[in-house]
Each structure stands twice: as structure tokens, then as C-alpha cells.
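Every number here is computed from the coordinates shown, using simple stated rules; none is lab data. Only a predicted model underlies this, so the values are computations on that prediction, with no experimental measurement involved. For neighbour counting, all protein chains shown are included, and Cβ atoms are generated from backbone atoms with ideal geometry for every residue, glycine included.
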Amino acid sequence: MEAVYVLEPGAYLRREGSAIRVCKQQKEIDRIPAQGLKRLVLIGYVSMTGGIVDFLIKNRVETVFMTATGRYRARLGIDEHRHVALRRDQYLQLSHSAFAAGAARIIVNGKLENMRLFLLNRARAYDAPALRQAAAQIRSIQATGLAGESNLERVRGFEGAATRIYFSVFGRMIQNADFVFNGRNRRPPLDPVNALLSFVYTLLTNEVLSAIKAVGLDPYMGSLHDISYGRPSLACDLVEEYRSFLGDRMVLGIINRRMLNPDDFIRRGPPPKNFVDEAEMKAKRPVEMKPAVMRTFIDAYEAMMNRRILYPPDGKKIRYRHLLHRQAAAFAAVLQDEKKDYQPFTWSI
């Protein structure tokens, strides 16, 4: 079992031999085999003993802490990768405005291409002209605006314009009358669809961050996203190519297959403009998944990440999780050899 998620509010972890006990109110509610564990994700208010912390560090188990609504909080720090030469090349290359703008343009074009292909895929499935029109508009941005653009701010502007077009028709891909999408909102998400999107994007970003660290890059130095204290900018860059065909496709699949219903969410009134503290944020967030539903969602996510897809550079099928690592390694190779070009992964339709 490579990845394990602990969701139970108020749970705490204890070590017992070769297993991790998940306890609540002095009772064991689950038991996790420690052998083969590579990734532990703690969602909500979950605590652990010193013995567990020692085990996680010694066995280099990547441990991620997230809020109950799916926002990233922290990561258990392990010794950084020793590939100093690669990080030196990353800092030098991404500090050059021309290289950074070119990298950002490639990343954005990959994101736009996957959005366009996804819209065309669903346009055929649902016979929806509005989706075809949006795909054509995104293609126009790629061809007449983004192509050859060397100004980073304009690249970001084209990305924003295409994303607005995409989400303007996103609701037409929802084939379940119980769920309505009236536009993208976040921090905090205000409705169930946006809550699901934000949660899956957070999971994917953490996957990409892990891949980046595994190949030896600094996740906080990117190109498309500015350097900002505490933000893993490179992870935010490289996750863009996966948003539509992994994140959005999964959310739409769960909704359209009626795996969820509106009663699976806790709804509250509009949130205050500013939260006083973590307790108030928890009490007043407008919408969140109930714990049992979050487990269903995470099970679907893990099933998706373990599916296989043909990876042309290798000529064989690999798991989606491995795909993220291969793409991070490909980006690292470009930073070390200017003759190479990074190729975002695009899905065929």
C-alpha cells in the first residue's frame, strides 16, 4: 500500500510493530501496514505520537498535512535532494527572462491544448455546439496570441483569457441536474462543484510537488507563477497540463455518474471577508464534503492515479502517478540542456 489517507476527525496515529494504528477515543478504528508505505496524507485534525514521527522520518515516508477542505497546510521535511548542479541550473535558467517566458509559454500551451481537446471530446459526446465554439476560441488564442509570445505577462494574460472561456462552458459538461456550476470560485469555494475542483487540484499539485522533489528540483522556483513566500511555484506550473484531463474529468465523472448528491455536502451561509483564526474558518466555510463522501472521492482519485496510459517517449503504458514523475524528469532535463524542449503531455481524443 503506497499511499494512505487518514480522514477521521480527531484521530491519532500510534506505532505497533510493523503497523500504524489509527485510533479515536482510545479505540482502534483502522490499522495500516507500515511495509511499503511511501506516502501518508493526513486530512483535517489528525495527530500522531513521537514514535510515528520517528518511523516516518527513518523510512522517508512523505507525509502531507491538509485541512478538512483539502487545502495544503504542511509537509514533513526530509533531507533535500543532493542534486546541487541541477538546482543551480534551475536557478540560472529560470532567472533569465527569455527562458522563463519561453518555459511559461510552453506550459500554458500544453494546458490550453488539453482544455481544447477535452472540450472537443465532450462536445462530441453531448452534441454541444457551445463546447466546440469554446474549443475554437481557445485554439485561436493558441495560434494568434500565444504562439511566439516572449512577454511573460502577456503569456499569463492569454492563459487567464483561455481559462475564463473554458469555465464559461464548464457547466454544460455536467449531466446531473442536482449540481449547478455558475463559474469558478475558490479560497474558499462557494458550492459543491467548486469544492470538488479545488480539492482535486490540491491533490494533483501535491503529487507534482512530490515528483519535482524526487528528481531534485526546487519546487518553489518556477516560471509561469511568480515567486511567492510559501508557494511551490514550479509545482503550480507543472500541474497545469493535468487539470482538465485528470482533475476536471474525474470531478465530472463522479458527478455525472451520480456517485454524489447534494446531501453529501455541508452548506453554510456566505463566508466572512476575513477569518479571525483557524477555528472560525472551520466553522464558517460555506461548503465542505462530509467525511464519508471524502473517502469515496479519495478512493476514486487513487483508482484514477493507478490507471495506465501510453507514454510515447517510453513507448509503453505507465500509471498516471508515474507519468507525473516522468514529466518532472523531462522538465529537469531541459533545464540542463538548452537544446532540449519540454513537451507537456497532451491526451489524444
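Simple rule: put +1 on each Lys or Arg Cβ and -1 on each Asp or Glu Cβ in the chain, find the dipole, and look at 259, 294, 322; the Cα lying farthest toward the positive end is 259. Take the chain and mark each of the GluC sites (Glu not before Pro) that is in a DSSP loop with at most 13 other Cβ atoms within 10 Å; the longest unmarked stretch, sites excluded, is 81-337. Rg of the Cα atoms in the chain, relative to 2.2 N^0.38 Å, amounts to 1.02. Restriction of the trypsin sites (Lys or Arg not before Pro) in the range 169-233 to DSSP coil positions whose beta-carbon has at most 15 other beta-carbons within 10 angstrom yields 186.
Evaluating 6.51 cos²θ - 1.76 cosθ + 1.60 at θ = phi - 60° for every residue in the range 23-35, the Karplus couplings come out as 10, 8, 6, 6, 10, 7, 10, 6, 9, 10, x, 6, 5 Hz, glycine and proline recorded as x. The 3J(HN,Hα) values that the Karplus relation (6.51, -1.76, 1.60; θ = phi - 60°) gives for the range 224-234 are, in residue order, 5, 9, 4, 5, 9, 3, x, 9, x, 4, 5 Hz. Gly and Pro appear as x. Nearest 0.05, what FRET efficiency do residue 153 and residue 99 give at R0 = 25 Å with Cβ-Cβ as r? The calculated FRET efficiency here is 0.95.
Sort 202, 144 so the one with the fewest other Cβ atoms within 10 Å of its own Cβ comes first. Least crowded to most crowded, the residues run 144, 202.
For the pairs 111/316; 27/213; 111/317, note any where the Cα-Cα span goes beyond 32 Å. Long pairs (Cα-Cα over 32 Å): 27/213. Each residue of the range 51-64 was assigned a 3J(HN,Hα) from its phi angle through the Karplus expression (A = 6.51, B = -1.76, C = 1.60, θ = phi - 60°), giving x, 5, 4, 4, 4, 4, 5, 4, 9, 6, 7, 5, 10, 10 Hz with x at Gly and Pro. Think of each Lys and Arg Cβ as +1 and each Asp and Glu Cβ as -1; about the Cα centre, that makes the dipole of the chain roughly 520 debye.
Could you work out how much longer the chain between residue 259 and residue 18 gets when fully extended? Use 0.36 nm per residue separation minus the Cα distance between them, nm to one decimal. Please list the in-between numbers first.
Numbers: separation 241, 0.36 × 241 = 86.76 nm, distance 3.49 nm.
In short, 83.3 nm is gained.
For residue 20, the amide hydrogen comes within under 5 Å of the amide hydrogens of 32, 34, counting only partners 5 or more places away or on other chains and with H modelled in the peptide plane. The lysines within cross-link reach of residue 290, meaning a Cα-to-Cα straight distance under 19 Å and a gap of 8 or more places when in the same chain, are 24, 282.
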